[in-house]
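Just below is one structure, and these are the notes that go with it.
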Amino acid sequence: MSGRRIRNVLRKEWLLMARSPSSLLFVAGIPLLLIGQALLLSWILPRFLGVDVPIASGMAEDLGSIERFRILLLDQFRFFVLLIPAMVANVFATLSIVEEKLTRTLEPLLATPVRTWELLLGKVLSGAIPAVAVAWASTGLFVLLAIGLGWGPLLRSVIDPSWHLSVFLLTPAISILSFVLGVIGSSRASDAKGAQNLAVVVVLPLFALIAVQVVGWVRFTPPLTLALSLGIAALDVLMLRLAVRLFARESILIRWR
């Protein structure tokens, strides 16, 4: 029964998304922008910056400084791709409940037998699933374009177990966290601008991940990436429970009548 209710919420949210061309354009535009930026930086910076990058684990010793620097930049895309669900969540999850409050379409939904956790989980998954799919598609496109630019041999030093853990575990965990925070912000706010303030919190730690990796403070090895992914997954569960407690179903019905 719960599975059917969650699927009904998913279907409803995806139909609303499909009716918004501007939102779909945003979802397609953000990944292309990040891919283009990552490839452009990987092509330009090694040509004009005379830096000596030390040989890291997995790098071939016969590579020059330019190739090592390019590998370092290419390796950051697995963190750049985490920005996709975070930025998509800032738009979709924060509007999902606020808009329904303003248009009074939330009241009939709350009057149905759907439980609060089913409703919120459905809303979270309705955004997180497409966001993860777009992030994975963007990663595949990035790899294909990098190979087309002749960087295939360099990718052998980039696509390692840590890369796979980041793409297939960390990305879904970040996606769910982004949308849970968006739903919390949307359920507590009275307008979309107020709701977006909480969802943007996810973006700042992602920039920190990129920064500490680039400057060499932290090397995200497979154990560390796995630990980070599992830690965020546990945080997802805690934040979803918090979202259910903060939703205040009855007060929303009374306040927005």
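Assess whether T139 counts as being over 20 Å from V91 (Cα atoms) and hydroxyl-bearing (S, T, Y). Here the answer is yes, as T139 does meet what is asked.
Conditions (1) assigned to a helix (DSSP H, G or I); (2) within 24 Å of L169 (Cα to Cα); (3) modelled with pLDDT under 75, marked per residue:
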site: M17; (1), (2), (3): yes, no, yes
site: I35; (1), (2), (3): yes, yes, no
site: R47; (1), (2), (3): yes, no, yes
site: L63; (1), (2), (3): no, no, yes
site: L74; (1), (2), (3): yes, yes, no
site: I84; (1), (2), (3): yes, yes, no
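Regarding I210, is this residue under 17 Å from I176 (Cα atoms), surrounded by 14 or more Cβ atoms within 10 Å (Cβ to Cβ) and at pLDDT 70 or above? Taking the combined requirement at face value, the residue does not satisfy it. Inspect all residues belonging to region 154-163 and state whether any of them is among the basic types (K, R) and within 18 Å of the chain's Cα centre (by Cα). Within region 154-163, not a single residue is among the basic types (K, R) and within 18 Å of the chain's Cα centre (by Cα).
Hey, could you check region 164-176 for residues that are of a type in the set (A, V, I, L, M, F, W, C) and crowded, with 24+ Cβ neighbours inside 10 Å and say which is farthest from L230 (Cα to Cα)?
Of all residues in region 164-176, those of a type in the set (A, V, I, L, M, F, W, C) come to 165, 167-170, 173-174, 176.
Those left that are additionally crowded, with 24+ Cβ neighbours inside 10 Å: 170, 174, 176.
Numbers: L170: 8, I174: 11, I176: 13 Å.
Of everything passing the filter in region 164-176, I176 is farthest from L230 (Cα to Cα).
The values are calculated or read from the model by the stated rules, or taken from the named source; none is laboratory data. On a predicted model such as this, the values are computed, not experimentally measured, just so you know. Neighbour counts run over all protein chains shown; Cβ positions are idealised from the backbone, glycine included.
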